[in-house]
Amino acid sequence: MQLEIVAMGMSSCLGPLLTACAAFRAGISRVRESREFRYFPEEDNAPLPLRTCSIPVRTFGFSAAGRLVAILGGTLEDLQNRLELDNLGTDTALYLVLPDPLEREFPMRAGLMEDPSGRVEALGQFVLNQTFENLGMTWRGLKGQFFMGGQVTFARALQAAQVALESRSVGACLVMAVDSLLSPPTLSRLVRERRVKTDDFPVGFIPGEVGVAILLRPAPGSLKEGSASPVSIRQVHVSDPLASKQTDDRVLAFCVERVLQPHGGPASEEPLLVSDHNGEQRRASEWGNLQIHLHAAYPNWMLENACFPAIGFGETGAASGAVGVCVAARGLERGYARSRSALVLSTSEDGARSAILLNKLQPGVRS
């Protein structure tokens, strides 16, 4: 079943959804020196501010779960510019993708450190309840479900939404993702691990933060001539982390093949490739390996139609896949994707990989 993207909302360093995607398309960057964190370069006793992609004003002074609440609040405010949440049916499911609070070094009860399911439930309930309370809203849909992890986690949430919608157990799914790498404890760890880009270490990523919300419904069976052409999520595949670690250089290409093969093999035209490559050496190597495998599998692809959201939004962790879907969907809607389909590719630190296939529905063509 294809899932129609009914509405989207975003809170990011580049602004809300429409502004952010337009700014990213124009190559605008809001990389700034952090006002909240400084690091010590090697062999230098003078601290320097770290370059980050922070959301202006809204998140300043917040940390840990409170920062996620601030981001998600801005995301839902943007979504409500296109969709009245109060009008959603009681059969609407809510899925929220979050980072692991232990990995982000959030304060928590000692018992939760050895209880992953308890951690995600506690964090998810707090973030949701506090966000709705801050906005003066009441969620009338089904009880929220929470997904915790790395970059591939958003794809897992989409798979759950597909299953629920195919079973007709829900009428719609609101899938949200929020993450921030800008809390001081997280930044301190990333600097120690030499993963972020600094003056003395240029190979790394720019830490960022973002919130995304996407409302999904089953795509219409067919479109009439002259009607709007919505963008749909057609297929999602997530690899097994253990298999990925064994064949790391081929798994992402395998994910691409899995989302294309159920629909007649390679598309007649090359899709837009949206990658979570963020500047790290490992990601660069994997991107190069992917190009080699795709060129062998699809010789007609030029492999020139690609974009990297981390350039504009920074590294956004568990929400990076959601950012990729927004960028791809807006490119397809506006026509500047130079294709009628897009592949959003994600890689998690645990070895898992995912591919999400989006396409623009055409009038007269059944889904």
Legend entry - Percent breakdown of C-alpha pair distances by 10 Å bin, ordered from the shortest bin, for the chain: 5, 25, 35, 25, 8, 1, 0
Inset, instruction - Please work out the C-alpha center-to-center distance from the stretch 35-80 to the stretch 183-198 and express it in whole Å. - result: 13 Å
Legend entry - Label-point separation in nm, residue 135 to residue 44, each point 7 Å along Cα→Cβ: 4.2 nm
Inset, instruction - Using DSSP to define loop residues, name the trypsin sites (Lys or Arg not before Pro) in the stretch 1-109 whose beta-carbon has at most 10 other beta-carbon atoms within 10 Å. - result: 109
Legend entry - Per residue accessible area of the chain, 1.4 Å probe, in Å²: 43 Å²
Inset, instruction - Express in nm, to one decimal, how much length is gained between residue 296 and residue 19 on full extension, taking 0.36 nm for each residue of separation and deducting their alpha carbon distance. - result: 96.0 nm
Inset, instruction - Return the carbon/sulfur percentage of the accessible area of the stretch 39-157, one whole number, probe 1.4 Å, all protein chains in place. - result: 50 percent
Inset, instruction - Rounded to the nearest Å, what's the spacing between the alpha carbon centres of the stretch 264-329 and the stretch 104-137? Just the number, please. - result: 32 Å
Inset, instruction - Compute the distance in nm between two label points, each set 7 Å from the Cα along the Cα-to-Cβ direction, one at residue 169 and one at residue 84. - result: 3.0 nm
Legend entry - ³J(HN,Hα), Karplus 6.51/-1.76/1.60, whole Hz, each residue of the stretch 62-69, x for Gly, Pro: 8, 8, 6, 5, x, 5, 5, 4
Inset, instruction - Give me the distance in nm between label points sitting 7 Å out from Cα along the Cα-to-Cβ direction at residue 102 and residue 125, one decimal. - result: 1.9 nm
Legend entry - Reference-scaled alpha-carbon Rg (2.2 N^0.38 Å with N residues) for the stretch 128-178: 1.27
Legend entry - Candidates per trypsin sites (Lys or Arg not before Pro) in the stretch 149-201, loop by DSSP, up to 10 other Cβ within 10 Å: 168
Legend entry - Vicinal HN-Hα couplings computed from phi for the stretch 284-294 (Karplus, 6.51 cos²θ - 1.76 cosθ + 1.60; Hz; Gly/Pro x): 5, 4, 5, 4, x, 5, 4, 4, 5, 5, 5
Inset, instruction - Provide the per-residue ³J(HN,Hα) series for the stretch 315-330, in order, calculated from phi with Karplus coefficients 6.51, -1.76, 1.60 and θ = phi - 60°, each as a whole number of Hz, with x at glycine and proline positions. - result: 6, 10, x, 5, 9, 5, x, 5, 4, x, 5, 4, 4, 5, 5, 5
Legend entry - Neighbour count of at most 11 Cβ within 10 Å plus DSSP loop: longest GluC sites (Glu not before Pro)-free window in the chain: 85-192
Inset, instruction - For residue 205, list long-range residues whose amide hydrogen, built 1.01 Å from N in the peptide plane, is under 5 Å from its own amide hydrogen. - result: 196, 197
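The values are calculated or read from the model by the stated rules, or taken from the named source; none is laboratory data. Bear in mind that the values here come from a model prediction, so they are computed numbers and not experimental data. FYI the Cβ positions are ideal-geometry reconstructions off the backbone, even for glycines, and counts take in every protein chain you see. Side chains included, ligands, DNA and RNA excluded: accessible areas come from the protein's heavy atoms. Shrake-Rupley method; radii C 1.70, N 1.55, O 1.52, S 1.80 Å.
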